[in-house]
Amino acid sequence: MDGNFILIMVLVMTLIGVVAVAFAGPSPEKARKRRVALIRGRHSDSAEALLEARMRKAISNRMPGNEAKMLVSLIPNPENLTKRLRMTGKKWTLSQYMTGSAITFLLITMFLMLRGFPFLFALMVGLAAGLGLPHWWVGRLIKGRINKFNAKFPDALELLTRGLRSGLPIAETLGVVSSEIPGPVGEEFKLITERIKIGRSMEQALQETADRLGTPEFQFFVITLAIQRETGGNLAETLSNLATVLRQRAQMKLKIRAMSSESKASAYIIGVLPFLVFGMICYINFDYMSPFFTPDPAGVFGLSTMQVIGIGGMCWMGIGAFIMAQMVNFEI
């Protein structure tokens, strides 16, 4: 039997197992029975029932997702990844992230092997895709959410200013913002008010949100409140000035984006044009480009000369794209 066929079958079975583990969850009926037993034991007077209830509680408080422990253990720095997942605003876990990475790796590897590429090359490309694509997607979600937050945050500060000038305390104005401002701003302020209600101080609740968002705009707001609580002064006037400064920062970013749009468009055209021409030639005359897709067992890692040249060209294009991206990246 062909070795590639065996490897593909192994990858297919592994993919099925990963998907089954990802979507398998606890039985709702068993979960209901556990909750009922826990409630009965909690309200029972016997020592055995109390001991059993404590044991059930200790077992239930263990870290979930034991089925994905092996995948999670592969993460070199899980704290930073957990912080990135929280910054997306989604309720994703490390096990779900690693399961998605594993599925991406297996799909890309199987696709390349079915196209006739060597196993080692398919494995390397699949590994790069499994590590890079989920990281890129999470970063894109974080960037989009932060942009939405920064767009509405000056409106939230002006609403806070109007609430303080009308005589409302700062804690109550935070609740008004959470209910009146849509999007990420309302969600974050709602989390702040909930933390304050369960006993956290305002400084702690604000600092936790600032650490999760990682934006200088919200950090300015936290520092402003901390200074005002220590030195006193007109908080409404301070927040009004901060809202004006943040709007001016946003306007400056838009001006820079407009001035650098021509350079970015040129970079996009230069970066996309080779791949576009390559795809058009493959569509018009695939026989002409077929040597690029044909592996060479005598070549480097089983790759043909054209494939090695293509990989080298992509590396140089990546370096050029990185340099152009740094040239049009400005910090305010």
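Key figures
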quantity	calculated
Among (1) without any contact (Cβ under 8 Å) to a residue 60 or more places away in the chain; (2) in contact with a Ser or Thr (Cβ under 9 Å, 6 or more places away or on another chain); (3) of a type outside the set (Lys, Arg); (4) open to solvent by 20 Å² or more (accessible area, probe 1.4 Å), the one test that LEU164 misses	(1)
For ALA298: the one exception among (1) part of a helix (DSSP H, G or I); (2) loosely packed, with under 13 Cβ neighbours inside 10 Å	(1)
Residue match in segment 269-280 (condition: in contact (Cβ under 8 Å) with a residue 60 or more places away in the chain and either more than 28 Å from ILE323 (Cβ to Cβ) or open to solvent by less than 70 Å² (accessible area, probe 1.4 Å) (or both))	no
Failed condition for GLY130, given (1) over 30 Å from PRO291 (Cα atoms); (2) part of a helix (DSSP H, G or I); (3) not polar (S, T, N, Q)	(1)
Members of segment 178-192 found to be buried (at least 17 other Cβ atoms within 10 Å of the Cβ) and not in a helix (DSSP H, G or I), listed by number	ILE181
Boolean, ARG195 is in a helix (DSSP H, G or I), over 27 Å from the mean Cα position of the chain (by Cα) and not aliphatic (A, V, I, L, M)	no
Test: residue in segment 236-247 that is under 27 Å from the mean Cα position of the chain (by Cα) and either surrounded by fewer than 13 Cβ atoms within 10 Å (Cβ to Cβ) or in contact (Cβ under 8 Å) with a residue 60 or more places away in the chain (or both)	yes
Residue tally, condition open to solvent by 40 Å² or more (accessible area, probe 1.4 Å) and part of a helix (DSSP H, G or I), over segment 198-225	9
Extreme residue, modelled with the lowest pLDDT, among residues of segment 95-152 that are open to solvent by 40 Å² or more (accessible area, probe 1.4 Å) and among the polar types (S, T, N, Q)	GLN96
Unmet criterion (only one of (1) among the basic types (Lys, Arg); (2) modelled with pLDDT under 75; (3) part of a helix (DSSP H, G or I)) for ARG62	(3)
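The values are calculated or read from the model by the stated rules, or taken from the named source; none is laboratory data. Since the model is a prediction, treat every value here as computed from it, not as a measurement. With ideal geometry, Cβ positions are generated from the backbone for all residues, glycine too; neighbour counts draw on all protein chains shown. With ligands, DNA and RNA removed, areas are computed over all heavy atoms of the protein, side chains included. Shrake-Rupley method; radii C 1.70, N 1.55, O 1.52, S 1.80 Å.
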